[in-house]
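The values are calculated or read from the model by the stated rules, or taken from the named source; none is laboratory data. Not measured: the values here are computed from a predicted model. Neighbour counts are summed over all protein chains in view; Cβ atoms, including those assigned to glycine, are modelled from backbone coordinates with ideal geometry.
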Amino acid sequence: MKKLDKAAGIVKKVSIHALRHSFATHLLENGTDLRYIQELLGHTSARTTQRYTHVSTKNIQRIQSPLDRMDLGD
């Protein structure tokens, strides 16, 4: 891990756990289903996988209300 940090120019202390968390979060942000992420991380419970992911504003902004898609015939 230290070699990777140095090669990437990262000076902040980084743990394997942080790398795993980032991996799961990026997969989720790119649209990977939580169930697949659960399988990749080897979790038996989806609750465990949810701890590795956090809600990003990027994904929240993409959510569209069904009402916004309705043609109200204005």
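Give the residues of the stretch 2-43 that are loosely packed, with under 11 Cβ neighbours inside 10 Å, on the phi < 0 side of the Ramachandran plot and either in contact with a Gly (Cβ under 7 Å, 6 or more places away or on another chain) or assigned to a loop (DSSP other than H, G, I, E, B) (or both), sorted by residue number.
11, 12, 13, 15, 30, 33
Looking only at the stretch 44-59, count every residue that is modelled with pLDDT under 85 and surrounded by fewer than 15 Cβ atoms within 10 Å (Cβ to Cβ) and tell me the total.
Residues flagged as modelled with pLDDT under 85 and surrounded by fewer than 15 Cβ atoms within 10 Å (Cβ to Cβ) within the stretch 44-59 amount to 7.
Of all residues in the stretch 1-29, how many are touching a helix residue (DSSP H, G or I) at 6+ places or on another chain (Cβ under 7 Å), of a type outside the set (A, V, I, L, M) and over 15 Å from residue 51 (Cβ atoms)?
1
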